[in-house]
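S.K.: Take this structure, written in structure tokens, and hold onto it; I'll ask about it next.
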Amino acid sequence: MSIRKTAAAASVVLALAATAACGGKEGNAGDKPKGGEVISGKYTVAKDVKLDSPTLKAAQKRGKLIIGAKADQPYLGFEDTTGKRSGFDIEIAKMVAADLGFSEDQIEFKTVDSNVRETSISKGQVDYYVGTYTINDERKKQVGFAGPYYVAGADLLVRKDEKDITGPESVKGKKVCSIVGSTPLQEIKKSKYGAKTTELGKYSLCVKQLLDGQVDAVTTDDAILKGYAAQRPSKLKVVGKPFTKEPYGIGMNKGDKALRDAITDALEKHIKNGDYKKAYEGTLGKSGSAYVAPETPLPRY
Amino acid sequence: MNLLFDYFPEFREGFLGTLSLTAASAALALILGIVMAGFRVSPIPPLRAFGTAWVTLLRNTPLTLLFLIAFFVIPQILFPGTSPYKLAVGALGCYTSTFICEAVRSGISTVPIGQAEAARSLGMTFFQTLRMIVLPQATRTVIPPLSSIFIALTKNSAIAGAFSNTELFNVSKLLNDKGYPTGWIFLWIALAYLVITLAISGLFRLLERRMEVAR
Amino acid sequence: MSASVLYDAPGPKARIRNRVYSVIGTLAVLGLIAFIVVRLNDKGQFAPEMWDIFNYAGVRNDIVDGLLTTLQVFAVAAVLSLALGVVLAVGRLSDHKAVRWFATGFIELFRSIPLLITIYALWQIFLTYKNDLGFAGDGTEFWALVVGLAVYNGSVQAEVLRAGINSVPKGQREAAYALGMRKTQVMMTILIPQGVRAMLPTIISQLVVTLKDTSLGYVITYQELLYQVQQIAGNTVVNDDYPYVPLIIVGGAIYVALCMALSALATWIERRGRRAKSGIAVAPAEQPIAAGDALDVIDHSEVAGPAGTATKN
């Protein structure tokens, strides 16, 4: 009996190893992107950047910049099955990195899920973080912010055939999914809206639950939701009534003022020289969000 | 010390969450485990095979993977709209049932065949044999391993915290995110678990003592 | 089949009845499987596009990367947990009160706390002191996972080993002392080798638990097999759905295969052990429960045959 078992087990492992060894098709698995390919820009890399920032010095010493990002948000921060990252946040991250003297090859992107963001940033697991990260006072206690580089608003993603949910005031008693600790979730939990909530670690898990009928709506920033809707126009739609304001910032170590100023400078520079608009239209714009120029100068503190 | 008092409502919620998850999945696991043990000792080959497959597959799968199945496969194909709590209880219950099944099965096999044969030759029916000869003796050997199984279940319930359930792991995560010292959080959470696990082992020791017979 | 405790050898009537039940049972089991397959098919989970994702090099590499990472964590954690197990077991049997108490406290503390919480706390601590400890890249997650696994499983292995050491007949120890051997010598050359031998199946079964628990790395976002599988599933859109089902089936099969291979090894060693005539019972190759009852496991098994005493953490 056990010998047969071992043989069976071994053959499975062998079969797997064999399939893995012989390569396979190139390219990205799954459906072709519906809104067209997302662009990936090139930015002029600054030379000999000198900054009194411990984070940057450590990065220069290791010759690599570690940037935290999302990996499951189409058009914002996404990693396909070939390992290529794309989206608006990724472009912003690259622009800033270029001004700090790091080319695209010198960036190491690290996927940081929303539920561990504060931990990851405040404890220096990443040098800075660009991933639909809302600036608020609670978070300012733990991390430093540069920006906002974009202002989103919480909205609702529902199934295409949904009729009952028309806005945040109609979710009473409905099941709404979002990720642990996100701002829209805390908002929609309030008795004013009275939704039942499911909390998971990633938005893609919430979208899966929505597709399966486990929840009735997914709430988070409209920019994120539009990306998912654009991926599956036949099944999902965005309600289109934002009920909060979510200014996105770049998160970093709280004490590193030099880095914060340098990143703010970089953002302002790229907003002025048009890189920002180009990046926006090549990524997020394709999911149906109209371009709104961010307000400059950016706040500093 | 302050940490516990400042966040007492959260700790209480988490504690009760762990308790209720453990109790509900323990009940499910007991029922499923006994049914599966019945399958595994039955004279009907397909049921035996089903029981064996159930135990082998579930036991060799990481619990975290079972949670993924419960949350992202089961709703899609079987029961849409099930609450995270029920799904978590399902995953924990099914996983734990395999261990209970094995404990019950080995408990039954501790009863010497001669006794059952003697019972049958006295003219006892199947159910009489089961009720008066096999079960009383099997229960006694099953109780100690059950205690360990339920303690393990209590600890495994922490994984449900990562899947939209309020329990102690969730509390530990919440407080860590707020930036409190990890060591203290760890100690308080550990204490909460100790209370539950000690209660379980105490309960079972009591049961054991009550069932004890002089031989 | 031969007579069991519950059932008499079937006579002609019972044989017919069993055959009828067999048919009904087969139909029921097949029906259940068919139902699940049909439902999966209805939801398009068997569409060729769903399974075509495994033909892509990116997906395959990710799975293989995840598998190798899982194996790497397992290997390091297994070695560390065994080493820690020996140290703690010897500590708990020490003649010095302080050492004995420390070992007992350590074992009891870490055995009673969910591994997930230990790993999470370690992760937080490692992140805080990351620079002092010199971790780079994924180092923090890797070591949090490995140390967590080692501490927990080391505590369990210690109890298993202690049971093994206690199962060596007292006469052997006394004989060794009578020959003038020192305490350390007795422990290292007489007790531990025989204890390990007696408990080898249980030790390996606990290693299976260690292997399964590497998947807890998923929660602290360490890119082991389970995380990779979930990541691919969440980032691939196939026919407007996520390919969770195919990836879970493949990922699950890998885990089951690995665990079963390891369990089979334990069973094989157990059977080999039975041939030996050392007079020390070899523990059954079942997974130990929280093995606080490692001692119980042996006690019961003497009566119970293959004691089904088992669980992961």
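Just so it is clear, none of the values below were taken in a lab; they were calculated from the coordinates. Being a predicted model, the structure only gives us computed values, none of them experimental. When we count neighbours, we look across all protein chains shown, and the Cβ atoms used for this are built from the backbone with ideal geometry, even at glycine.
S.K.: Using every alpha carbon pair in the range C:50-304, what percent of pairs falls into each 5 Å bin from 0 up to the bin containing the largest distance?
M.R.: For the range C:50-304, the binned pair fractions read 1, 6, 12, 14, 15, 14, 12, 10, 7, 5, 3, 1, 1, 0, 0, 0 percent.
S.K.: What percentage of all Cα-Cα pairs in the range C:1-146 are separated by more than 26 Å?
M.R.: Numbers: 6764 of 10585 pairs.
Of all Cα-Cα pairs in the range C:1-146, 64 percent lie more than 26 Å apart.
S.K.: Here's another thing I want to ask about it. Suppose we keep just the DSSP beta bridges with both residues in chain A; what percent of those would be antiparallel, to 5? If you can, show how the numbers build up before the last one.
M.R.: Details: 21 of 35 bridges.
If I count the DSSP bridges inside chain A, around 60 percent turn out antiparallel.
S.K.: Now a separate question. Okay, helix-only estimate at 222 nm for chain A: each DSSP H run of n ≥ 4 adds -39500 (n - 2.57), divide by all residues, round to 500 deg cm²/dmol; what do you get? Please report the intermediate quantities before stating the final value.
M.R.: Values: 10 runs with 101 residues, N = 301.
One gets -10000 deg cm²/dmol as the mean residue ellipticity at 222 nm.
S.K.: Taking the Cα centre of the range B:5-86 as the origin and placing charges on Cβ (Lys, Arg +1; Asp, Glu -1), which of B:F71, B:F8, B:L19 is farthest toward the positive end of the dipole?
M.R.: Checking the options against the dipole of the range B:5-86, the answer is B:F71.
S.K.: Would you please calculate the Kirkwood hydrodynamic radius of the range C:163-228 over all C-alpha pairs and express it in Å, rounded to one decimal? It would help to have the intermediate numbers written out before the result.
M.R.: Working: mean 1/r = 0.0696 Å⁻¹.
For the range C:163-228, the Kirkwood estimate is 14.4 Å.
S.K.: Turning to a different aspect of this structure: Rounded to the nearest 20 Debye, what is the dipole magnitude of the range C:50-304 about its Cα centre when Lys and Arg each give +1 and Asp and Glu each give -1 at the C-beta?
M.R.: Details: 18 positive and 20 negative charges, 306 e Å.
In debye, rounded to 20, the range C:50-304 gives about 1460.
S.K.: What is the average number of partner chain Cβ atoms found within 10 Å of a Cβ in A:262-273? Can you show the working numbers first?
M.R.: On the way: counts 0, 0, 0, 0, 0, 0, 0, 0, 0, 0, 0, 0.
Across the residues of A:262-273, the mean count of other-chain Cβ atoms within 10 Å is 0.
S.K.: Let me ask something additional. How do A:T55, B:T52 rank when sorted from fewest to most other Cβ atoms within 10 Å of their own Cβ? Please report the intermediate quantities before stating the final value.
M.R.: Working: A:T55 22, B:T52 14.
Listed from fewest to most nearby Cβ atoms, that is B:T52, A:T55.
S.K.: What is the average number of partner chain Cβ atoms found within 10 Å of a Cβ in B:154-163? Intermediate values should be presented prior to the final figure.
M.R.: Details: counts 3, 12, 6, 2, 10, 7, 1, 6, 10, 6.
Taking all residues of B:154-163 together, the mean is 6.
S.K.: Can you give the alpha-carbon Rg of the protein assembly as shown over 2.2 N^0.38 Å, where N counts its residues?
M.R.: Numbers: Rg = 28.9 Å, N = 829, 2.2 N^0.38 = 28.3 Å.
Expressed relative to 2.2 N^0.38 Å, the Cα Rg reads 1.02.
S.K.: Suppose every Lys and Arg Cβ carries +1 and every Asp and Glu Cβ carries -1, with no other charges. What dipole size does chain B come out with about its Cα centre, to the nearest 20 debye?
M.R.: Details: 16 positive and 9 negative charges, 132 e Å.
The calculation lands at about 640 debye.
S.K.: Taking the 0 to 90 degree range and rounding to the nearest ten, how far is the long axis of helix B:84-109 tilted relative to the main principal axis of chain B, both from C-alpha atoms?
M.R.: Rounded to the nearest ten degrees, it is 30.
S.K.: Pairs A:K84/A:K141; A:K47/A:K278; A:K196/A:K278; A:K163/A:K189; A:K64/A:K245: which exceed 28 Å Cα-Cα? The partial results should precede the final answer.
M.R.: On the way: A:K84/A:K141 33 Å; A:K47/A:K278 24 Å; A:K196/A:K278 40 Å; A:K163/A:K189 21 Å; A:K64/A:K245 34 Å.
Correct reply: A:K84/A:K141; A:K196/A:K278; A:K64/A:K245.
S.K.: Quick query: amide H of A:T197 versus all other amide H atoms, modeled in the peptide plane; which residues come in under 5 Å with a sequence gap of 5 or more or a different chain?
M.R.: Under 5 Å from the amide H of A:T197 lie the amide H atoms of A:V176, each far enough along the sequence or on another chain.
S.K.: Grab the beta carbon distance between B:A49 and C:N166, set R0 = 25 Å, and tell me the FRET efficiency rounded to 0.05. Provide the component values of the computation, followed by the final result.
M.R.: Details: r = 39 Å, r/R0 = 1.55.
Plugging the Cβ-Cβ distance into 1/(1 + (r/R0)^6) gives 0.05.
S.K.: Suppose every Lys and Arg Cβ carries +1 and every Asp and Glu Cβ carries -1, with no other charges. What dipole size does the protein assembly as shown come out with about its Cα centre, to the nearest 20 debye?
M.R.: On the way: 90 positive and 70 negative charges, 417 e Å.
Its charge dipole is roughly 2000 debye.
S.K.: Just to be sure I understand: of the beta bridges DSSP finds with both ends in the range A:66-192, what percent are antiparallel, rounded to 5?
M.R.: Values: 4 of 10 bridges.
Around 40 percent antiparallel, to the nearest 5.
S.K.: Relative contact order for the range A:52-137: what is it in percent, counting Cα pairs under 8 Å that are at least 6 residues apart?
M.R.: On the way: 108 pairs, mean separation 32.7, N = 86.
Relative CO of the range A:52-137 lands at 38 percent.
S.K.: Give me the net charge for the shell around A:Q142: Cβ to Cβ below 12 angstrom, other residues only, Lys and Arg +1, Asp and Glu -1. Numbers along the way, then the final one.
M.R.: Working: positive: A:R117, A:K123, A:R139, A:K140, A:K141, A:K254, B:K178; negative: A:E118, A:D137, A:E138, B:D177.
Residues close to A:Q142 contribute a combined charge of +3.
S.K.: Go ahead and estimate [θ] at 222 nm for chain B from helices alone: -39,500 (n - 2.57) per DSSP H run with n ≥ 4, summed, over the residue count, rounded to 500.
M.R.: Result for chain B: -25500 deg cm²/dmol, rounded to the nearest 500.
S.K.: So for the range A:154-238: antiparallel DSSP bridges make up what percent, rounded to the nearest 5? Numbers along the way, then the final one.
M.R.: Numbers: 7 of 14 bridges.
Looking only at bridges with both residues in the range A:154-238, the antiparallel portion is about 50 percent.
S.K.: For the range A:182-218, list residues with backbone N below 17 Å from a point placed 7 Å from the Cα of A:K172 toward its Cβ?
M.R.: A:188-197
S.K.: State the answer as a single residue: which of A:G282, B:A37, B:F99 lies farthest towards the positive end of the charge dipole of the protein assembly as shown, with beta carbon charges of +1 for Lys and Arg and -1 for Asp and Glu, about the Cα centre.
M.R.: Highest projection toward the positive end goes to B:A37.
S.K.: What distance in nm separates the two pseudo spin-label positions at B:K86 and B:V195, each 7 Å out from Cα along the beta-carbon direction?
M.R.: Each label point is offset 7 Å from its Cα along the Cβ direction, giving 3.0 nm.
S.K.: According to a simple spin-label model (label point 7 Å from Cα along Cα-to-Cβ), what is the distance in nm between C:S22 and A:V49?
M.R.: With each label point 7 Å from Cα toward Cβ, the separation is 7.5 nm.
S.K.: Extending each Cα 7 Å along its Cβ direction at A:K254 and C:K183, get the distance between those two points in nm, one decimal.
M.R.: Reported label-point gap for A:K254 and C:K183 is 5.0 nm.
S.K.: Shifting gears a bit: Quick test of the membrane-span-like rule: which DSSP H helices of chain A reach at least 15 Å along their long axis (C-alpha atoms) with mean Kyte hydropathy at least 1.0?
M.R.: Working: long enough: A:2-21 (28 Å, 1.27); A:88-99 (17 Å, 0.74); A:257-272 (23 Å, -0.54).
The qualifying helices are A:2-21.
S.K.: If we count every other residue with Cβ under 14 angstrom of A:A69's Cβ, Lys/Arg +1 and Asp/Glu -1, where does the sum land? Intermediate values should be presented prior to the final figure.
M.R.: Details: positive: A:K70, A:K84, A:R85, A:K94, A:K110, A:R117, A:K202; negative: A:D72, A:E79, A:D80, A:D89, A:E91, A:E104, A:E108, A:D113, A:D127.
Local charge sum for A:A69: -2.
S.K.: May I ask you to list the trypsin sites (Lys or Arg not before Pro) in the range A:122-157 that are in a DSSP loop and have at most 12 other Cβ atoms within 10 Å of their Cβ? Write out the running numbers ahead of the final one.
M.R.: Numbers: sites: A:K123, A:R139, A:K140, A:K141; in loops: A:K123, A:K141.
Here the sparse-neighbourhood loop sites are A:K141.
S.K.: For a quick check: with amide H placed at 1.01 Å from N, whose amide H comes under 5 Å from A:Q73's, ignoring anything fewer than 5 positions away on the same chain?
M.R.: The list, which skips near neighbours in sequence, is A:F78, A:E79.
S.K.: Further, regarding this structure: What is the local net charge at C:L40, summed over the other residues whose Cβ is closer than 14 Å to its Cβ (Lys, Arg +1; Asp, Glu -1)? Before the final figure, lay out each step's value.
M.R.: On the way: positive: C:R39, C:K43; negative: A:D212, C:D42, C:D241.
Charge balance near C:L40 sits at -1.
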